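Have a look at the structure below before the remarks.
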Amino acid sequence: MTVAEVLQADRKAIQRAASLLREGKLVAFPTETVYGLGACALNPQAVARIFEVKERPLFDPLIVHVATLEMAGEVGEFLDPRALLLVKRFWPGPLTLVLPKRPTIPDIVTAGLPTVGVRMPAHPVALELIREAGVPVAAPSANLFGHLSPTTAAHVVKQIGDRIDLVLDGGQCPIGVESTVLELLEEPVLLRPGGIPLEDLERVIGKIRIGSLKDSPRAPGQLPFHYAPRVPLRIVPQEMPPPPGFRVGLLAFQVVRHPEWFVKVEILSSNGDLREAAANFFACLHRLEEAGLDLIFAEPVPEVGLGRAIMDRLRKAEAKTLQ
């Protein structure tokens, strides 16, 4: 079994990774949110490999990453003036805009939809890689579909290291949850909460409707079961003791009231900082997943700011357990 080479993301490694992307290969790379699994967005055969490697359904669209506004304009149509306001305020950054797509983007990228998700990542390695490749890069999270998103190179290698060509190691992702996805067609619709809080977006463009899972997926992360560890997870208050006879771990927000109840405990933020909690979220779940547990209890966090994105991921992980 061949495992992808892992290279520290220096200039030489980024040049090699860019060359692989142009050749139709798959490269995992860091962004400020999570590690992405990149392929040239203009190469449908390369994009098809993303779906194969991740075991991802073809009806789930991908996000296209760009390094310049000119490249963004070659991917989507920025017809809505609100899009330019948001770009000016939040790019580079963890905001994906769903816009009418350009004909150059293959249908496999957008699951046959007339729209495309596009974003400019705020990570120096990601931006340099895309600039060096000279092409827009389709990149979902670099993990198996429905499993925990990777926030370190080691997380990538653990899940798909034997399926891809190269991993650029840029350290731990600073934000730690995926980008916010906002559809801008007739009205702004939040399709996925993420690294930019809803409140910040509404300060720029006004009221935003929250999308429904009843619709077919128009962006990544809209399926009801997603972001789940291999261990069953339940969202419960800390006052609830675990069932007897089970090895149970706890994902706590800030403090642990009964550590003696649990085999392993992970704390998202000891001072209750939701930004820190988001940055630690997937790394904590990866450690709980590896602890030989029967069940994970997750304490709910306040649903304001980045807390909305954390609770979105927890509910989707719990939904997979309940299914």
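Data for the structure
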{"read-out": "Computed helical MRE - 222 nm, the chain, DSSP H runs ≥ 4 contributing -39500 (n - 2.57), nearest 500", "value": "-9500 deg cm²/dmol"}
{"read-out": "For the range 279-287, 3J(HN,Hα) per residue [Karplus equation, 6.51 cos²θ - 1.76 cosθ + 1.60, θ = phi - 60°, Hz, x = Gly/Pro]", "value": "4, 8, 4, 5, 4, 4, 5, 4, 5"}
{"read-out": "Per-residue ³J(HN,Hα) for the range 105-111, Karplus 6.51 cos²θ - 1.76 cosθ + 1.60, θ = phi - 60°, Hz, x for Gly and Pro", "value": "7, x, 4, 4, 5, 9, 6"}
{"read-out": "Relative contact order computed over the range 5-210 (Cα-Cα under 8 Å; 6+ residues apart), in percent", "value": "32"}
{"read-out": "Label of the coordinate-derived value, Rg/Rh (Cα atoms, Kirkwood Rh), listed as (1) 1.03; (2) 0.96; (3) 1.06", "value": "(2)"}
{"read-out": "Backbone N within the range 309-323 under 11 Å of label point (7 Å from Arg234 Cα along the Cβ vector)", "value": "322"}
{"read-out": "Under Karplus coefficients 6.51, -1.76 and 1.60, residue-wise ³J(HN,Hα) of the range 256-270 in Hz, glycine/proline x", "value": "10, 7, 9, x, 5, 6, 10, 6, 8, 10, 10, 10, 6, 7, 5"}
{"read-out": "Charge dipole magnitude, Cβ of K and R +1, D and E -1 - the chain, Cα centre, debye nearest 20", "value": "180"}
{"read-out": "The range 89-208: relative contact order as a whole-number percent, Cα under 8 Å and 6+ apart", "value": "26"}
{"read-out": "Point-charge dipole on Cβ atoms (K/R +1, D/E -1) for the range 233-322, about Cα centre, debye to 20", "value": "200"}
{"read-out": "Packing-based ranking, highest mean first, of 137-145, 99-107 given that Cβ atoms within 10 Å are counted", "value": "137-145, 99-107"}
{"read-out": "Other-chain or far-sequence residues with amide H under 5 Å of Ile63's (modelled H)", "value": "Ala139"}
{"read-out": "Ordering of 264-277, 118-131 by burial proxy (mean other Cβ atoms within 10 Å per residue, highest first)", "value": "118-131, 264-277"}
{"read-out": "Sequence-distant residues sharing a close amide H with Gly76 (under 5 Å, placed H)", "value": "Arg102"}
{"read-out": "About the Cα centre, charge dipole magnitude for the range 69-198 (Lys/Arg +1, Asp/Glu -1 at Cβ), debye", "value": "240"}
{"read-out": "Long-range amide H partners of Gly38 with built H, under 5 Å", "value": "Val27, Ala28, Phe29"}
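Readers should treat all values here as calculations from the given coordinates under stated rules, not as data from a laboratory. Because the structure is a prediction, the values reported are computed rather than measured. When we count neighbours, we look across all protein chains shown, and the Cβ atoms used for this are built from the backbone with ideal geometry, even at glycine.
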